[in-house]
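Accompanying notes for the structure given below.
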Amino acid sequence: MHMSLFTDASHCPSTGAAGWGAWAKCNLWSSGALFGGGFKSLLSASHEAELCAIANAMHVLGAGGHLSGVTVLMIQSDNLRALGLVKARVPRAAIRNHADGAKVPDLTRVVLSEAEQKGLGIIESESTKGGFSIHLRHVRGHRRGPSRQWVNRQCDRIAKQHMYERRGRIGKE
């Protein structure tokens, strides 16, 4: 069984607040599912939020039993660093470029932040538990058009909503 997972994140550089949004669909479902949330920890950079969005989405899908029976998980993101880190650090990951996507960089020698280490640990754990391969695809975000652009806009909307909520709670906790 194949599943597509599209993720996006929204990060406020002045406060560190961030949120994420995701859309998942497997070939057995009649339609996709949109979901997301806010990050409890403050993040120092948007690329951390993008990688952690992938990790959180995979964790939510795994906890809900939705990754059971998946043989290939196609992760689509508009963030090249997040995709490059997954490719470099997760053994079950491989690049599957789209004609409109950019080349995913080789990030095998990059020093990871604590948030990136944690996110990659979750991604590797979920793929190992599920026994599925991960295909990575860059999708150019924030363009007009149907299908994937609709999904990108929805994930972005959910991520921003959660980032704004999280930013509003900073200092009140």
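The values are calculated or read from the model by the stated rules, or taken from the named source; none is laboratory data. In this text, all values refer to a predicted model and were calculated from it rather than measured experimentally. Cβ placement follows ideal geometry from the backbone for every residue including glycine, while neighbour counts extend to all protein chains displayed. All accessible areas refer to the heavy atoms of the entire protein, side chains included, with ligands and DNA or RNA removed. Shrake-Rupley method; radii C 1.70, N 1.55, O 1.52, S 1.80 Å.
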* Structure fact -> Taking the stretch 9-50 and keeping only residues that are open to solvent by less than 60 Å² (accessible area, probe 1.4 Å), within 13 Å of the chain's Cα centre (by Cα) and of a type in the set (S, T, N, Q), one is left with Ser10
* Mind checking which pairs have a first residue in the stretch 1-30 that is part of a strand (DSSP E or B) and at pLDDT 95 or above and a second that is open to solvent by 50 Å² or more (accessible area, probe 1.4 Å) and of a type in the set (A, V, I, L, M), Cβ under 6 Å, 6 or more apart or different chains? -> Trp23/Leu34
* Asked: Looking at the stretch 57-72, which of the residues that are within 18 Å of Gly36 (Cα to Cα) and in contact with a helix residue (DSSP H, G or I) (Cβ under 7 Å, 6 or more places away or on another chain) is most open to solvent (accessible area, probe 1.4 Å)?
  -> His59
* Asked: Just one of Arg144, Arg109, Arg153, Arg167 is open to solvent by 20 Å² or more (accessible area, probe 1.4 Å), at pLDDT 85 or above, of a type outside the set (Asp, Glu) and not in a helix (DSSP H, G or I); which is it?
  -> Arg109
* To do: Using the structure shown, decide if Leu120 is open to solvent by 20 Å² or more (accessible area, probe 1.4 Å), in contact with a helix residue (DSSP H, G or I) (Cβ under 7 Å, 6 or more places away or on another chain) and either under 21 Å from Ala159 (Cα atoms) or not in a helix (DSSP H, G or I) (or both).
  => no
